[in-house]
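What follows is a set of notes on a single structure, which appears directly below.
The values are calculated or read from the model by the stated rules, or taken from the named source; none is laboratory data. Quick caveat, the model's predicted, so the values are computed rather than measured. Glycine gets a Cβ as well: all are built from the backbone with ideal geometry, and neighbour counts include every protein chain shown. With ligands, DNA and RNA removed, areas are computed over all heavy atoms of the protein, side chains included. Shrake-Rupley method; radii C 1.70, N 1.55, O 1.52, S 1.80 Å.
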Amino acid sequence: MHRCEAGFVPAMQLLDCNPDLVKFVHSCEYDLEKAKKCAKDFYWSRDAVPELFSGWDATLPHFQSVFDTVTYAIMPRRTPDNFRVIFNSLKTSDTTNYVIVDITKVTLMVVESIFLTEPTVSGIVIIQDLEKATFSHFVKYVWSLPRKIQVYFEDGVPLKREKVHLINCPGIVDKGLKFMGRMIRKEDRDRMQSYSGDDYSELYKFVPKDCLPSDVGGNLPPLEELHELTVQRLIDFKEVFQKHSPGVKTE
C-alpha cells in the first residue's frame, strides 16, 4: 500500500478503551496530564459557546452560502507521517457572505469529522490559499469570532496541528497577521509558514504531491472536486454531529 493511502486500523482494535479517551490521549502523545487538559478545554468550549457546536446540518442555506464562499477539502490521502491534510481557499475576495460564525462552524465540522472517525491519526496539516484574501477578511475574523472559542482551537482540539501553510500570500497578509497578533499565541504563529508566488517546491518538502490537489501541482483530483466530496461528507455526518451536540448524552 502507498504510504499516503487513507486506510487505517480502527482504534478499538489497537486500544481496548473508550474511543473518547483514545482521541485525547493519542493527540497528546500519551501524556496523561496534557490529555486531561485537552479534554477539559474540549468540553468547556462546547458548554461555553454551544451555539457554535450545534445546528450542524450542512444542507442548511447559510452553510451552503459558506460553501459558495470558501473551499473546504479534506485530502483523501494522508502524509507519510500519518497526518490528514485540510485545504482551504477563498473563492472570492468579496466579504459580503464571509460570515465568521458560520465559517467557524464549518471549520469545526471538518475537524470533528476527522477525529471522530480517525482517533489515531497523527494530526492535521492545514493549507490555506490566501490569494483572494483582503485586509477586510482579517478585520472580520478578529471582531466577529467569539473569544471563548480560542480555548478550543488552542488546546481543546484532540488533533495535533503540525503546520499551517499559507500559500499565494499577497502583501497584505503580513499586515493582517500582525493585526491578529493578540489572538494568536507565539507557538501557533511559529507553526505558520507562508509562501508567495506559484512555486510550490518548498511546500512539497512538507506535503508530498500525492497528498495535494492538481491545482498546486499535486497528483490528487482538482480542489473543487475534493471540496464537493468534503461537503457531501459533512452532509452525511448530520446524525453523528447531532449525537455529539452540547447537552446530548452519548452512551
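Scan the stretch 86-95 and give yes if some residue there is within 14 Å of the chain's Cα centre (by Cα), polar (S, T, N, Q) and surrounded by 22 or more Cβ atoms within 10 Å (Cβ to Cβ), otherwise no.
Yes, the stretch 86-95 contains a residue that is within 14 Å of the chain's Cα centre (by Cα), polar (S, T, N, Q) and surrounded by 22 or more Cβ atoms within 10 Å (Cβ to Cβ).
With the requirement that a residue be closer than 16 Å to V164 by Cα and without any contact (Cβ under 8 Å) to a residue 24 or more places away in the chain, what does the stretch 202-243 give you?
E202, Y204, K205
Does the stretch 130-141 contain at least one residue that is among the hydroxyl-bearing types (S, T, Y), surrounded by fewer than 20 Cβ atoms within 10 Å (Cβ to Cβ) and within 30 Å of D31 (Cβ to Cβ)?
Checked the stretch 130-141: no residue is among the hydroxyl-bearing types (S, T, Y), surrounded by fewer than 20 Cβ atoms within 10 Å (Cβ to Cβ) and within 30 Å of D31 (Cβ to Cβ).
Looking at L226, L220, which is the one that is modelled with pLDDT of 90 or more, over 16 Å from the mean Cα position of the chain (by Cα) and crowded, with 17+ Cβ neighbours inside 10 Å?
Testing whether each residue is modelled with pLDDT of 90 or more, over 16 Å from the mean Cα position of the chain (by Cα) and crowded, with 17+ Cβ neighbours inside 10 Å leaves just L220.
Residues being at pLDDT below 75 and within 14 Å of the chain's Cα centre (by Cα): count how many of those fall in the stretch 131-159.
Total meeting the criteria: 0.
Taking G123 as the residue in question, decide whether it is at pLDDT below 95 and within 27 Å of K209 (Cβ to Cβ).
So G123 fits the description; yes.
Could you look through the stretch 229-251, keep only residues that are at negative phi and part of a loop (DSSP other than H, G, I, E, B), and pick out the one that is nearest to the chain's Cα centre (by Cα)?
This residue is F237.
What do you reckon, is T107 surrounded by 17 or more Cβ atoms within 10 Å (Cβ to Cβ), closer than 28 Å to Q242 by Cβ and either out of contact with any His (no Cβ under 7 Å at 6 or more places or on another chain) or among the acidic types (D, E) (or both)?
yes
Return only the number of the condition from (1) crowded, with 18+ Cβ neighbours inside 10 Å; (2) under 14 Å from the mean Cα position of the chain (by Cα); (3) of a type outside the set (D, E) that L116 does not satisfy.
It is condition (1) that L116 fails.
Find all pairs meeting these conditions: Cβ atoms under 6 angstrom apart; at least six residues apart or on different chains; first residue within the stretch 188-200 and modelled with pLDDT under 80; second residue part of a loop (DSSP other than H, G, I, E, B).
Hits for this filter: zero, empty list.
For E162, which of the numbered conditions (1) open to solvent by 50 Å² or more (accessible area, probe 1.4 Å); (2) under 20 Å from the mean Cα position of the chain (by Cα); (3) modelled with pLDDT of 95 or more; (4) not basic (K, R) fails to hold?
In the conditions (1) open to solvent by 50 Å² or more (accessible area, probe 1.4 Å); (2) under 20 Å from the mean Cα position of the chain (by Cα); (3) modelled with pLDDT of 95 or more; (4) not basic (K, R), E162 misses (3) alone.
How many residues does the stretch 201-217 hold that are assigned to a loop (DSSP other than H, G, I, E, B), touching a helix residue (DSSP H, G or I) at 6+ places or on another chain (Cβ under 8 Å) and surrounded by 20 or more Cβ atoms within 10 Å (Cβ to Cβ)?
Residues in the stretch 201-217 being assigned to a loop (DSSP other than H, G, I, E, B), touching a helix residue (DSSP H, G or I) at 6+ places or on another chain (Cβ under 8 Å) and surrounded by 20 or more Cβ atoms within 10 Å (Cβ to Cβ): 1 in total.
I'd like the full set of residues that are among the hydroxyl-bearing types (S, T, Y) and either within 17 Å of P158 (Cα to Cα) or not in a strand (DSSP E or B) (or both), limited to the stretch 36-89.
Y43, S45, S54, T59, S65, T69, T79
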